[in-house]
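**Q** Here it is, the structure, as structure tokens.
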Amino acid sequence: MSAKPRFAVVLSGCGVYDGAEIHEAVLTLLAIDRLGGSAQCFAPDRAQMHVVNHLTGEPSGESRNVLVESARIARGRIKDLAGFKPAEFDALVFPGGFGAAKNLCSFAVDGPDCSVDPATEAAVKAMAAAGKPIGALCIAPALMAKVLGDGVDLTIGDDAGTAQAVEAMGASHKVAGHGQVVVDHKHKLVTSPCYMLDSTISQIADGAENTIKALLALMGK
């Protein structure tokens, strides 16, 4: 009996406005489990860009740590992304949420001129160098555009301004709808728009499941 496919899931905090999008994160973990894989959550050990009151949508003036906040979603079972070893995993997955564009990189503020968290950049480059597949949901594909560039095919849905920004970083944007995925076979990258579109939670579940299925296909599973 072959071992379960091993997925590393990178979180960026807890909550759509300043961290990982909780529905996307949980439904990604559910899809991995239901499709026969195992998951280990990771997050960088660093301060969030800022903290947003999710009731009002306004910054709260607090300071929180990305790894500590991400541990809420992972039920405490999470590791520092700085210790990520690509040899221990078959795929790397990034749920969306503004944390992907605020804490894993600075795309939300700096657009195409964004910088990338060093541990995040190292993990993506290590998996790419190992020829192992990567998945990214919602706004997280912008991070892939910055790190991978090289005409990589990806989607953030159909928002023209965001699409233009990811193409300015060297990616080739493809329009995609609810539950759809864009697969770049050369770069082994799978992306899906999820909450970049006005979506129901069932449509998010479809996007997460189809992303994991496509990653398994790239593994030959």
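**Q** Can you compute the modelled spin-label distance between R6 and K213, with each label point 7 Å from Cα toward Cβ, in nm?
**A** If labels sit at R6 and K213, their model points lie 2.7 nm apart.
**Q** Would you mind counting up the charge near A8? Only other residues with Cβ under 11 Å from its Cβ, with Lys and Arg at +1 and Asp and Glu at -1.
**A** Numbers: positive: R6, K79, K85, K132; negative: E88, D90.
Net charge in that neighbourhood comes out at +2.
**Q** What is the extension gain from E62 to S115, computed as 0.36 nm multiplied by their sequence separation minus the C-alpha to C-alpha distance, in nm to one decimal?
**A** Values: separation 53, 0.36 × 53 = 19.08 nm, distance 2.28 nm.
My answer for the length gained is 16.8 nm.
**Q** Right, here's the next one. May I ask which residue of G170, G13, A122 lies farthest towards the positive end of the charge dipole of the chain, with charges of +1 (Lys, Arg) and -1 (Asp, Glu) on Cβ and the Cα centre as origin?
**A** Positive-most Cα among the choices belongs to A122.
**Q** Just one of (i) 0.93; (ii) 0.97; (iii) 1.08 is Rg/Rh (Cα atoms, Kirkwood Rh) as worked out from the coordinates here. Which one is it?
**A** Matching entry in (i) 0.93; (ii) 0.97; (iii) 1.08: (i).
**Q** Going by C-beta contacts inside 10 Å, put L218, L154, L11 in order with the fewest on the left.
**A** Details: L218 21, L154 27, L11 33.
Lowest count first: L218, L154, L11.
**Q** Right, another one. Sort V190, V152, V116, V181 by Cβ crowding within 10 Å, fewest neighbours at the top.
**A** On the way: V190 30, V152 25, V116 17, V181 22.
Starting with the residue having the fewest Cβ neighbours, the order is V116, V181, V152, V190.
**Q** Once the piece of chain linking A122 and I201 is laid out straight, how much longer is it, given 0.36 nm per residue of separation minus the C-alpha distance between them?
**A** Roughly 25.3 nm would be gained on extension.
**Q** At R0 = 30 Å, how high is the FRET efficiency between S172 and H54 if r is their beta carbon distance? Nearest 0.05 is fine. Display every interim value, and only then the final one.
**A** Details: r = 34 Å, r/R0 = 1.13.
Computed FRET efficiency for S172 and H54: 0.30.
Values quoted throughout were computed directly from the atomic coordinates according to the rules given, and no laboratory measurement underlies them. Model, not experiment: these values are computed from the prediction. Backbone-built Cβ (ideal geometry, glycine too); neighbour counts: all protein chains shown.
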